[in-house]
1. Go through segment 36-58 and give me each residue that's at positive phi and modelled with pLDDT under 95.
2. Among the residues of segment 127-161, which ones are surrounded by 22 or more Cβ atoms within 10 Å (Cβ to Cβ), of a type in the set (A, V, I, L, M) and in a loop (DSSP other than H, G, I, E, B)?
3. Would you call R212 over 12 Å from the mean Cα position of the chain (by Cα) and at pLDDT 95 or above?
4. Is there a residue in segment 102-112 that is surrounded by fewer than 23 Cβ atoms within 10 Å (Cβ to Cβ), farther than 24 Å from Y247 by Cβ, outside the structural domain of S275 (by TED's automatic domain parsing) and touching a strand residue (DSSP E or B) at 6+ places or on another chain (Cβ under 8 Å)?
5. Scanning for something within 26 Å of I209 (Cα to Cα) and at pLDDT 95 or above, does segment 24-33 turn up at least one residue?
6. Among the numbered criteria (1) buried (at least 24 other Cβ atoms within 10 Å of the Cβ); (2) within 22 Å of M160 (Cα to Cα), which single criterion is violated by G260?
7. Which ones in segment 109-126 are in contact with a helix residue (DSSP H, G or I) (Cβ under 8 Å, 6 or more places away or on another chain) and either part of a loop (DSSP other than H, G, I, E, B) or closer than 19 Å to I92 by Cβ (or both)?
8. Does S106 qualify as being of a type in the set (S, T, N, Q), in a loop (DSSP other than H, G, I, E, B) and over 13 Å from V166 (Cβ atoms)?
Amino acid sequence: MPWLLLSLLFLQPAATDLRARIQKIIDSSGAEVAVVMRTLDSKSELALDPDKEFHAASTMKVPVMIELFRQADAGTLSLDEALPIKNEFHSIVDGSTYQLSVGDDSDAEVYKNVGKTMTLRALCEAMITVSSNFAANLLIERVGVENIRKTIARLGADGMHVLRGVEDQKAFDKGLNNTTTARALAVLMEKIASGQAVNPAADAQMTAILKRQTFNDGIPAGLPPGTPVGHKTGTITKIHHDAAIIYGPRPYVLVVLVRGIEDQKRSAALIAAISREAWSSAGSHP
């Protein structure tokens, strides 16, 4: 039975011990941290502040990807569709235009294609694996933010709120930000892992993209080398998140959201430490 945390903790001493170990790591960090871990067989789970709201940062790109694949499955677009690359977006505050800066993005490749075209598939790859903000904004405008919200609601990830694309400064100044909870991200990752986000074939493609993630100093750093993991990170000032599907002997979903650490090497080490504990308890044995 999903998310019955208290009963699981009282019935499973191992889960209680895991909770204590992870809480100790969190307490020593001085940060605000939310954690959700759940095995895909639904037999073990752990939640610490699962419904605390955080700035979503780039984790909101996960539902953008899901909606893209949903529309491809519905036949309303093709992943091989060529999209014109224009660095011009519209604020949700007043419709005024703004541009993204390559210096503030994690990837420069999409910017090299301004005035040309890229396929939706290539943009999705860039959005997830190198966390391209430019690619994300292009895809959000193509699939529609309202459609993204409907898909989030359909999947039961109510704690994920996607309002806009990235770098909308006017919206940011008014506090209009994309937010998420650890529970919401865990729901989305579990739906992908179980083939229920769109369909098994589409979800397998999304999983493959997540496995090609290039930022691996968080959850993957706490796993044994070579452990297959599909995940999406999110970082802004004093925010560092990681949401993953770990394919060990006993596959599980792990989400760690962190707020309050400025040095991302420290926050990455914190996420890796939590990941290491989760693996020792849930993922290292069938």
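1. Taking segment 36-58 first, the residues at positive phi are 42, 49, 57.
Passing the criteria: only S42.
2. A157, M160
3. Working: over 12 Å from the mean Cα position of the chain (by Cα): yes; at pLDDT 95 or above: yes.
So R212 passes the test.
4. To start, the set of residues in segment 102-112 that are surrounded by fewer than 23 Cβ atoms within 10 Å (Cβ to Cβ) comprises 102-109, 111-112.
Okay, now just the ones that are also farther than 24 Å from Y247 by Cβ, so 102-109, 111-112.
Going one step further and asking which of them are outside the structural domain of S275 (by TED's automatic domain parsing), we end up with 102-109, 111-112.
Retained after the next criterion (residues that are touching a strand residue (DSSP E or B) at 6+ places or on another chain (Cβ under 8 Å)): none.
No - not one qualifying residue is present in segment 102-112.
5. Here is the first cut: in segment 24-33, the ones within 26 Å of I209 (Cα to Cα) are none.
No - not one qualifying residue is present in segment 24-33.
6. (1)
7. E109 - this is the single residue of segment 109-126 that is in contact with a helix residue (DSSP H, G or I) (Cβ under 8 Å, 6 or more places away or on another chain) and either part of a loop (DSSP other than H, G, I, E, B) or closer than 19 Å to I92 by Cβ (or both).
8. Working: of a type in the set (S, T, N, Q): yes; in a loop (DSSP other than H, G, I, E, B): yes; over 13 Å from V166 (Cβ atoms): no.
So S106 fails the test.
The values are calculated or read from the model by the stated rules, or taken from the named source; none is laboratory data. Quick caveat, the model's predicted, so the values are computed rather than measured. Backbone-built Cβ (ideal geometry, glycine too); neighbour counts: all protein chains shown.
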